[in-house]
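Down below is the structure, laid out as structure tokens.
None of the figures in this text is laboratory data; all of them are computed from the coordinates on show. Quick caveat: nothing in here was measured; it's all calculated off a predicted structure. Every residue, glycine among them, receives a Cβ derived from its backbone with ideal geometry; neighbour counts consider all protein chains shown.
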Amino acid sequence: MSVATMAAGGLTTSPAVNAAEASSYAVSTTTLPDGSTTTVRWDPCGDRITFKVNAGALGRSDRPSAVREAKKKVRQLAKASGLRFSYRGKTSFVPRSDNAGSQPAELVVAYVRPEQTDYPLTGPTAGYGGYNFGWQGRTDGSISYGVTSAYVVIDVPDTRSWSTSLTEGGVTRPGLLGHELGHAVGLMHVADRQQVMYPSLHAGSPQTYADGDRTGLDVVGRAAGCLAPVSS
Ligand SMILES: [Zn+2]
């Protein structure tokens with residue numbers, strides 16, 4: 001049985017994972033200038049989160065199904081989190097740790113060869129997902145603190161022989177994508193093997209977000225309410 005390790009979300013800075021969270025989900029938090037602690041998440045009340053897909057490292061005949069797969073998994077994430085996304089087409093952009101500022105959409109899902117990116121797709125690591133966060137100006141002139149962009153990179157050579165079934169569980173490429181998309185909205189790893197956010201895929205991995213994942217998606221999703229403006 002193949003087992004894939006998946007790295008934790010890549011972050012431009014390093015907020016601490018809140019160890020006090022329930023074991024079936026975990027999110028990251030950061031401390032604001034006023035000393036308060038807040039969950040790092042997207043603003044669910046902003047415009048739809050734009051996303052593009054880069055399937056360029058796949059064979060030409062495999063690209064359309066990969067785009068469909070990415071769109072389906074983003075729809076699944078949207079449904080479970082209440083966050084809203086808007087597909088904006090294909091891109092040749094490859095996320096790296098130094099190019100978030102030039103991302104062509106707020107979220108990029110890229111099927112890549114490991115040498116194309118500096119995100120660590122080394123050894124058995126088959127995917128990597130994360131987000132960038134910081135201060136954002138608001139239309140009313142105030143500012144808030146939250147996720148500004150996110151990315152998922154999927155290792156094409158590592159996943160070449162994997163199932164691309166959108167309905168079965170286990171070690172599948174859509175299953176990997178669902179995990180990395182969890183990182184893209186702020187979920188971190190958990191020790192519970194029955195959750196999508198368990199750090200490796202195995203024969204019993206769920207195909208869709210399980211109860212703990214869904215509780216975590218409530219904490220980072222629409223159920224958590226709009227990001228509050230922060231006094232500077
Ligand atoms: Zn992970």
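Data table
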read-out	value
Alpha-carbon gyration tensor eigenvalues x 5, square-rooted, for the stretch 59-172, Å	27, 18, 13
In order through the stretch 123-137: 3J(HN,Hα) via Karplus (6.51 cos²θ - 1.76 cosθ + 1.60), integer Hz, x for Gly, Pro	x, x, 6, 9, x, 8, x, x, 8, 10, 9, x, 7, 9, x
Coarse-grained scattering of the stretch 4-218 at q = 0.07, 0.16 Å⁻¹, given as base-10 log I(q)/I(0) from a Debye sum over alpha-carbon atoms	-0.19, -1.05
Note, ³J(HN,Hα) from phi for the stretch 42-48, Karplus 6.51, -1.76, 1.60, rounded to Hz, x at Gly and Pro	6, 7, x, 9, x, 4, 4
Amide hydrogen neighbours beyond the local backbone of Val196, cut-off 5 Å, H modeled	Ala210, Asp213
Nearest 10 degrees, 0 to 90: helix 173-184 Cα axis against the chain principal axis	20
Amide H within-cut-off set for Ala57, under 5 Å, with H built and near neighbours excluded	Tyr111
Nonlocal amide H pairs with Ile49, under 5 Å, H built at 1.01 Å	Arg84, Phe85, Ser86
Estimated dipole of the stretch 104-229 in Debye, rounded to 20 [Cβ of Lys and Arg +1, of Asp and Glu -1, Cα centre]	80
Positive-end extreme of charge dipole, the stretch 12-166 - chosen from Gly35, Ala80, Gln116 (charges on Cβ)	Ala80
For the chain, calculated [θ]222 nm from helices alone, where every DSSP H run of n ≥ 4 adds -39500 (n - 2.57)	-6000 deg cm²/dmol
Residue-count net charge about Glu168 - beta-carbon cut-off 15 Å; Lys, Arg +1, Asp, Glu -1	+2
Under Karplus coefficients 6.51, -1.76 and 1.60, residue-wise ³J(HN,Hα) of the stretch 89-106 in Hz, glycine/proline x	x, 8, 8, 9, 5, 10, x, 9, 5, 10, 10, 4, x, 10, 4, x, 8, 5
Simple Cβ-charge dipole of the chain, Lys/Arg +1 and Asp/Glu -1, about Cα centre, in debye nearest 20	880
